[in-house]
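S.K.: Before I ask anything, here is the structure I am working with.
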Amino acid sequence: MWWQGVGRSLGTLTLAALAVAGCHSQARSVAIGFAFTYHLQTAIAVAREEIALRKGQGPRISIVYDSAVAGDPADVEVRRAERLAAVPGIVAVVGHSGSRASLAAAPVYNEAGIVQVTPNSTSRLLDSAGPWTFNLAPDDSVEGVFIAAFVAERLRASRVTIYYENDEYGTGLRDGAVAALAQHGVAVLDRVPVDQTSDFRTLVAASLTRGVPDVVVVAGRQLETGSIARVMREQGVPRAVVAGDGALVLPLLTRAAGPAADSLYAVAFWMPDAPDSLSRAFVERYRRAAGELPQSADAMSHDALMLIADAVRAVGPRPAAIRQYLRELGGTRPPYEGVTGRIAFGPLARPRLVMAHVVGGRAERVVGP
Amino acid sequence: MTGIGAAPSAGRGPSLRVIFGTLSALSILTISALSLMLAATLLPRATELRQHMQPVSYLFGALRDRMQLVAATVRDARLMVAAEAPGDVEALRRARAALAAASSRVAVRPYGGVPFAMRAALSRADEDLTTLENRVQEVIAFAELGAFPAARSRMRAVDSLDAAVNDDFSRAQRAGTEDLLARQAALDGAAREATWIAGILVVVAILLSVLTLLTLQRRIARPLAALSAALDRVGTGDLTVQVRVPRQDELGLLAEHFNAMTAVLRDRAEGQGRFAATGELLAGIAHEVNNPLQAISTLAESRVDEPEVTAAERADLQQILQQARRAGKLLNGLLHFVRPGDPEVAEQDIADVVARVVDLLSYQFGVDEIRVENRVDASLPWVRGDAARLEQIFVNLLSNAVDAVRGAPTPRRVTVEGWEHEGRVHVAVTDNGPGIDREVAGRIFQPFVTTKGARGTGLGLYVSRQLAREVDGDLQLRSTPGEGARFVVWFPAAPRRGAIAVAEDGPTPAATRALAGLTILVVDDEASIRRPLTKYLARLGATAVDAADGLAALVQLRLLAVDAIVLDIRMPRMDGVELYAELRRDRPALAERVLFLSGDPQQMHEARAHTLPAERVLAKPVDLQVLAASIRRLVGRRSPA
């Protein structure tokens, strides 16, 4: 009925008035969501510590951590996003874990008007996820070009088999790599979809009947990558296995690969041996907190959290202002100096990719800045 | 609405402009509100529904296509496992290619507007489909490797996943349907809401329309009807009508103006009534006065040339004759002004018109010690117009000048000048009074503008200008405040008349025996006129006989052969008009030789006098020499040299 509409309008006006009246107190308490797997908790701890160190500059910033499990289905990611979007005072969310999860959650944040910063998602579909979604990592086409160049020029392979996880991350990286390999004249013998529950022995054996590659490219995560490397060696066809950024989670990767771990190469966006001062400081704090070295995802997540905190301090807690701040980075604002390098979302954005070789259970930089 | 007497006082209310501006604004607001409310109520929900339908349709379509591709591959794989034969290499390649083509996941693509429940179910179905594809890949791999037991085992997992995918898809369909129904319900609710709003606004619009109509009726139609009725009554001559002034809006002001105008008209009508009565009275007086004047002047003129009259007596007689003629001239001029008769446009000697008016007002000038200088030259071209109306213009201008200088210190001067310029005859009336304020000067020719207070009607100059413009002339004020007023009236010059022919029969000095041989009948009821006139005509050689009225004249005419008749118009028993009618009927030749004498020349404008030839009517007191010359002209005789 029309009076219900009027009532709703009055109610909305009242809430708006209350919101305006209460904005001052809310401005003093801002929440940043964090939707990642549990292994990144140290990155949060370090970020909290850094944010606390800057206390007094702007509103109080808290990090709301909604822990995920690797491989959570999309509907779980959607519900997680809805939970985070409902947190009082939330202005932005860092996450989710990987392209599939980030894409599943993106509509929630875009409809709620909350900034979403994805630290290590590479699907190019994120470019069209919505105006509130910002991606720190280079997309899968860039990563595919990097992998293809490494395979062709460094490993001098002419034939490869691609195993891929059949989601947005895996298919995106597969397609990027296939296109780039074709430009290098490298033949793709076979493209095999896998997941964590795949029968790797059967799939690898069947694939080997279709052709024996010089190098295996895996567009999957640590379990799939390690398993394929291990099975290849078990099948008596030890080959270098080159994986995307999703695989470089140590020590899970080396555990899955077993004795074939040394055959693994994986892409990273950052390595703890980075010589710059920001990286050294981050590594030091991380090591102090966790007793171990940080990995690429830790640094990327840390940068995402600190970037949002910096935006809140600069422009206040309004999500629209934060979004505008992020858009202006590399344009009317200088790029953000993060641990993983300069962060910008305009023309100045320059992806920093590193190819790491797993040696003795540790990742060593073989290509990259 | 109409009434006689003072109109009721008006209440001050909003002006019509404000009322109709407000009503128009309210109407526009109502229509705008209706449009905006409909748009605000329906558009978002309709847009939402449309935006929602697009991704939902896309996601369902894409997932269905993918399911069909996978289902086809599952069938092939099942056949392959059942046959325990891997099939040819090409078939395997096709199956794997189909799976690869189907591996493009759809449900997590970031389309806004998709309900999360449906998105979750679709995502689950999509991921299950991916897992199903992976398992089918394994089935194919097992078949390629000849491991059919393992393939059959994996095929069971495929079937289980297939059922799960169908469940998820159904769940997504339910979620989508429920969401669609909810959105449709919202749209229906919005439509109902819009209907309510539209209904209320329509009612408001109807009320506004009724209010507008009532306002129109009350504020415009009724006052206009009252004004119209009042105008009708004014048209019938009722100048006592007054309309009610309900409030001080535009129509209220109009009603006030109407009341003021009828009041002025009423006063003016009363004045004119008195004026007309004065005219009637004056006509009677003129007749009564002109006759003795005629007798006096006739006696004096007939005696003045007699040889036995001494020089002193002759001078006295000439003085009597001069004063009698002056009195007659003044009286006739006054009559002419008071009873002008029907307008008759003809060429007029402007100098003569001005002179007559100056004469008319000469007494006033004398009383108020005003020196009048009439410098209008008789050589000026004539102008076309009605003499009475032209006189009225100059009476107004000179009267105003008198009023203007009356209170001024002496010497008081009024100057009348005339000149011709560019085919126009200009006449300026200038006084040395206080002049006219610049503010008043700007509207001096508007009706009801006066500087005379209650004494003035404010119509004199307005009417004068109208009269001047009627004959393509104009009246203007060229005045400097403090230095007197100067009114200039101009008329188009009429084609210049030729030199006025001196009538051969015009007045000439009396000549003895000038009418010798003529028999002239003098008909006048006044013996004091009739007898000296007869005596005078006889002295000019005529055989003069007389009669006291028309009937007596008819008797004389039966006895005598008469050459000419001098006929008074107003007489008892049978007056001049009746006698002339008889003559025209019975003796038309003689009727052509009748001269008329009138104590009231304006009676020629009466209906029954229209049959009289105006050129043969002489106003009393008549100059006897003129009379003799006229008789000679009538009978075709010339005066002896």
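Readers should treat all values here as calculations from the given coordinates under stated rules, not as data from a laboratory. Given the structure is predicted, the values throughout are model-derived calculations rather than measurements. We place every Cβ from the backbone using ideal geometry, glycine too, and count neighbours over all the protein chains shown.
S.K.: For A:ALA187, list long-range residues whose amide hydrogen, built 1.01 Å from N in the peptide plane, is under 5 Å from its own amide hydrogen.
M.R.: Hits under the 5 Å cutoff: A:ARG159, A:VAL160.
S.K.: Taking a label point 7 Å from the Cα of B:ARG469 along the Cα→Cβ vector, which residues of region B:402-446 have an amide N closer than 11 Å to it?
M.R.: Only B:445-446 pass the distance filter.
S.K.: Quickly work out the B:VAL210-to-B:SER528 label distance, labels modelled 7 Å from Cα along the C-beta direction, and quote it in nm with one decimal.
M.R.: A separation of 8.5 nm, rounded to one decimal place.
S.K.: Going by Cα centres, region B:399-435 and region A:97-142 are how many Å apart?
M.R.: 101
S.K.: Quick one: which residues, 5+ away or cross-chain, put their amide H under 5 Å from the amide H of B:ALA547? H built at 1.01 Å from N.
M.R.: So B:ALA547 has HN proximity to B:VAL522, B:VAL523, B:ASP524.
S.K.: With a bin width of 5 angstrom, please list the P(r) values of region B:350-492 as percents of all Cα-Cα pairs, from the 0 bin to the one holding the largest distance.
M.R.: 2, 10, 20, 25, 22, 14, 6, 1, 0
S.K.: Based on DSSP, what percent of beta bridges with both residues in chain B are antiparallel, to the nearest 5?
M.R.: Around 55 percent antiparallel, to the nearest 5.
S.K.: I need the calculated FRET efficiency for the pair B:MET53 and B:ASN166, taking r as the beta carbon distance and R₀ as 30 Å, to the nearest 0.05.
M.R.: 0.80
S.K.: With a sphere of radius 14 Å drawn around the Cβ of A:LEU278, what net charge do the other residues whose Cβ falls strictly inside it have (Lys, Arg +1; Asp, Glu -1)?
M.R.: Around A:LEU278, the surrounding residues sum to -4.
S.K.: All other residues with a Cβ under 12 Å from the Cβ of B:THR212 taken together, and with Lys, Arg as +1 and Asp, Glu as -1, what is their net charge?
M.R.: +2
S.K.: Step through the residues of region A:68-76 one at a time and calculate ³J(HN,Hα) from phi using the Karplus curve (6.51 cos²θ - 1.76 cosθ + 1.60, θ = phi - 60°), rounding each to whole Hz and writing x for Gly and Pro.
M.R.: 10, 10, 4, x, 3, x, 4, 5, 5
S.K.: At R0 = 35 Å, how high is the FRET efficiency between B:VAL203 and A:ARG327 if r is their beta carbon distance? Nearest 0.05 is fine.
M.R.: Efficiency for this residue pair is about 0.10.
S.K.: For chain A, just run the numbers: alpha carbon Rg, then divide by 2.2 N^0.38 Å, N being how many residues it has.
M.R.: 1.06
S.K.: In sequence order, what are the phi-derived ³J(HN,Hα) couplings for region B:417-422 according to the Karplus relation 6.51 cos²θ - 1.76 cosθ + 1.60 with θ = phi - 60°, rounded to whole Hz, with x for glycine and proline?
M.R.: Residue by residue, region B:417-422 yields 10, x, 7, 10, 8, 6 Hz.
S.K.: Related question: Which whole-Hz ³J(HN,Hα) couplings does region B:23-36 yield from phi under the Karplus relation 6.51 cos²θ - 1.76 cosθ + 1.60, θ = phi - 60°, glycine and proline marked x?
M.R.: Residue by residue, region B:23-36 yields 5, 5, 4, 5, 5, 5, 4, 5, 5, 5, 4, 4, 4, 5 Hz.
S.K.: Can you give the convex hull volume of the alpha carbon atoms of chain B per residue, in Å³?
M.R.: 323
S.K.: In peptide B:326-332, how many Cβ atoms from other protein chains are near each Cβ within 10 Å, on average?
M.R.: Per residue, the average neighbour count from other chains is 0.
S.K.: May I pose another question? When you take every Cα atom in the protein assembly as shown, what is the radius of gyration, and what is Dmax, the widest Cα pair distance, in Å?
M.R.: Spelled out, the Cα radius of gyration and Dmax of the protein assembly as shown are 62.5, 186 Å.
S.K.: Also, I was wondering about something else. How big is the equivalent ellipsoid of region A:140-268 along its three axes, where each semi-axis is √(5λ) from the Cα gyration tensor, reported in whole Å from largest to smallest?
M.R.: Sorted largest first and rounded, they come to 19, 16, 14 Å.
S.K.: Just the ratio, please: alpha-carbon radius of gyration of region B:16-207 over 2.2 N^0.38 Å, N its number of residues.
M.R.: Relative to the 2.2 N^0.38 Å estimate, region B:16-207 comes out at 1.72.
S.K.: Given a Förster distance of 45 angstrom, what is the FRET efficiency for B:ARG573 paired with B:ASP316, based on the Cβ-Cβ distance and rounded to 0.05?
M.R.: That pair, B:ARG573 with B:ASP316, gives E of 0.75.
S.K.: So, in nm, how far is label B:THR480 from label B:ALA71 when the simple model puts each one 7 Å beyond its Cα toward the Cβ?
M.R.: 11.3
S.K.: Next question, about the same structure. With both partners inside chain A, how many of the DSSP beta bridges are antiparallel, as a percent to the nearest 5?
M.R.: 25
S.K.: Taking only DSSP H segments of four or more residues, each worth -39500 (n - 2.57), what value at 222 nm results for the protein assembly as shown once the sum is divided by all its residues, to the nearest 500 deg cm²/dmol?
M.R.: Here the helix-only value at 222 nm equals -18500 deg cm²/dmol.
S.K.: If I take the Cα coordinates of region A:108-147 and project them onto the principal axes, what are the three extents in Å, biggest first?
M.R.: 37, 16, 11
S.K.: I'd like to compare B:129-135, B:483-489, B:77-83, B:388-394: which one has the highest average count of other Cβ atoms within 10 Å, and what's the full order after that?
M.R.: Averaged packing, sorted descending, gives the order B:129-135, B:388-394, B:483-489, B:77-83.
S.K.: Could you please report the charge total around B:LEU557, scoring K, R as +1 and D, E as -1 over all other residues with beta-carbon less than 11 angstrom from its beta-carbon?
M.R.: 0
S.K.: Now for a different question. Can you tell me the 0 to 90 degree angle between the C-alpha axis of helix B:550-559 and the longest principal axis of chain B, rounded to 10?
M.R.: The two axes meet at around 50 degrees.
S.K.: Longest exposed-loop-site-free stretch of chain A, with trypsin sites (Lys or Arg not before Pro), DSSP loop and at most 10 other Cβ within 10 Å?
M.R.: Between the exposed loop sites, the longest stretch runs A:157-369.
S.K.: Counting only other chains, what is the mean number of Cβ atoms within 10 angstrom of the Cβ of each residue in peptide A:161-168?
M.R.: The mean count of partner-chain Cβ atoms within 10 Å per residue comes to 3.
S.K.: While we're on this one: Per residue of A:77-88, count partner chain C-beta atoms within 10 Å of its C-beta, then hand back the mean as an integer.
M.R.: 1
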